[in-house]
Amino acid sequence: MVDETQTVLGRQQLVDSYTQFVAVLDALQLAVSVVTLDSKELVFSSKEYARWFDKNIDGHSCILSHLPLSIKTQLEALTKTSREDKPELNYYTETSTIYVVEIKRWIDVYVRTLVWVDGQRTLMLVANNMTEKVESKEQVRRQTQRAEMAIRLLVMGTTASNIAHQLNQPLTALSSYCAGVKDKISSGTLSIAELEPVIEKINAQALRAGKVIHRVRTFIQKSLPNYEEVKLINFLNDAVVSLHYELNKYLIKFEMTVDPSIDLIKIDPILIEQVLANLIRNSIDAIRISENQQGMIHLTVWSGNLHQRPGIQFSLCDNGGGLTDEELKQFFDGLISAKSSGMGIGLLLCQSIIDAHKGEIKVVNITQEDKVAGVMCSFWLPNES
């Protein structure tokens, strides 16, 4: 008589181990399939695999068909290799993310060869459903893309406004020059000597108008400055000249203090001119709304290091009444405007231009006798000249 107690116990332990193994797989919600390399027989599949693929679909082959070509080529070579040529298998891949159109799922799949319990060579696929994660990433990407497009549209709106303001001065000058020439022609007093400098001025203003349009449009498309080395005082005078009409109209005194040691600066003059023009117009509007009869704007420019880098500091102060705490927080948001007719997006363009120059911009209230009297908006630009 043979005592088979140990054999029965051994079998029971194997069954228990197998049950525990399957329970773990089911808890992990992994679709696992094991197929023999020689006969393509499915020797094991998890419950998750069964949920993904009905009986009419060979899920194992379906997943294999969507794997990268390099992996499929290597697996075909393994299948053709006989047991004698390669008795031990040790092939595995990194996880691949693929889309299985038959089940409309994104999955991470891991491929490995192994010797099954009965000695057969097998191929195991372990797949994890990544659909929700991938679609979530795609949704974030689409939302980010829409947000970038919205910002780009906002900036385009600002660009149109800025171009209108910037073109006002050269177009007014062009009109004035042409009117002068017309009057001279009508009176019969126009000479060739008088005509030549007027034509030169007309040409210069036309070129300036074209440059404004070109540079702002290029920045919107590429968000990259076009650096030039320019004389600081000449740049500042050019930037302010188009604002003289508005300053005079509202009886606002404009003063400028410039560090005489600064000669040349390396910037995109057209874009930084847009920043100054926007900030000065913002101050003009604030003074106009506050009904201050002694409006004043002061621009100060001096050399200043930031983060141990040499640069130029621009500081613009006004006495237009200042901003609330909420307005200060949202000053560069692009959707905030103190003007009933304003789009509030000019300051967003300012922020974008300064960022593109690798500079910094900030705004604070100016207080006098414990009362908010105005705003100081300052920006710093690196200067390697």
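Is at least one residue of the range 332-340 buried (at least 16 other Cβ atoms within 10 Å of the Cβ), modelled with pLDDT of 90 or more and either assigned to a loop (DSSP other than H, G, I, E, B) or among the β-branched types (Val, Ile, Thr) (or both)?
Checking the range 332-340: not a single residue is buried (at least 16 other Cβ atoms within 10 Å of the Cβ), modelled with pLDDT of 90 or more and either assigned to a loop (DSSP other than H, G, I, E, B) or among the β-branched types (Val, Ile, Thr) (or both).
Being among the β-branched types (Val, Ile, Thr) and either modelled with pLDDT of 85 or more or over 13 Å from residue 37 (Cα atoms) (or both) narrows it down to one of 73, 81, so name that one.
Result of the check over 73, 81: 73.
Does residue 102 satisfy the criteria of being modelled with pLDDT under 85 and either under 31 Å from the mean Cα position of the chain (by Cα) or not in a strand (DSSP E or B) (or both)?
no
Of everything in the range 352-385, what is under 18 Å from residue 330 (Cα atoms), of a type in the set (A, V, I, L, M, F, W, C) and crowded, with 18+ Cβ neighbours inside 10 Å? Give them in sequence order.
The answer is 353, 354, 361, 363, 375, 377, 379.
Take the range 192-210 and flag every residue that is under 20 Å from residue 270 (Cβ atoms) and among the acidic types (Asp, Glu).
Within the range 192-210, none qualify.
Tell me, which strands (runs of 3 or more DSSP E) lie completely within the range 181-294 with 3 or more residues that are more than 34 Å from the chain's Cα centre (by Cα)?
In the range 181-294, 253-258 are the strands (runs of 3 or more DSSP E) which contain 3 or more residues that are more than 34 Å from the chain's Cα centre (by Cα).
Under 9 Å between Cβ atoms, at least 6 apart or on separate chains: pull out the pairs that start in the range 138-151 with a residue that is under 20 Å from residue 348 (Cα atoms) and end on any residue that is of a type in the set (A, V, I, L, M) and at pLDDT below 80.
Short answer, once both residue conditions are applied: 151/348.
The values are calculated or read from the model by the stated rules, or taken from the named source; none is laboratory data. Because the structure is predicted, anything quoted here is derived from the model rather than measured. Cβ sites come from the backbone with ideal geometry, for glycine too, and all protein chains shown count toward neighbours.
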